[in-house]
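Scroll down for the structure; my scribbles are underneath it.
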Amino acid sequence: MESTEEPQSPDETGKSLPPPPPPPARLVDLFRIVIVGEIVWLGILVVALFTGPSILAWTAVTGAALGGIGMAIMTWQRSAARRGSKTAQQGL
C-alpha cells in the first residue's frame, strides 16, 4: 500500500502540521488476521462434521477455502513486492 499523505491544513499560527505517524505493524499485518479466521473456520468445520451434514458444514468449507485463497494471494503479493515487481503492492 502506498502512503497517501495529504498535506495537512495549517493550524491557527499558519504552520503546516506534521503528518500523523503510521499505525503499528501488528495492527496492519493482515496475514495474522487471515490465519486466525482460517483456524476459526476449520474449527467450525470440525464441529459441523461431528453434528451431521448441514448448511453450516458447507459454509465452513467455503470460509476455509476462501481463507486459503486469501493467504495464497497475500503470499504472492509479498513475494512480488520483495522481488521489486512494478505492479506489486508496496508496504506488505
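The values are calculated or read from the model by the stated rules, or taken from the named source; none is laboratory data. Everything quoted here is computed from the prediction, not taken from an experiment. Here the Cβ is made from the backbone with ideal geometry for all residues, glycine too, and neighbour counts use every protein chain on show.
Some observations on this one:
So that you can scan it fast, the table gives a plain yes or no per residue for (1) in a helix (DSSP H, G or I); (2) acidic (Asp, Glu); (3) at negative phi; (4) surrounded by 12 or more Cβ atoms within 10 Å (Cβ to Cβ):
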| position | (1), (2), (3), (4) |
| --- | --- |
| PRO20 | no, no, yes, no |
| LEU27 | yes, no, yes, no |
| VAL40 | yes, no, yes, yes |
| GLY43 | yes, no, yes, yes |
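- Residue match in the stretch 62-83 (condition: modelled with pLDDT under 85, loosely packed, with under 11 Cβ neighbours inside 10 Å, within 20 Å of the chain's Cα centre (by Cα) and assigned to a helix (DSSP H, G or I)): yes
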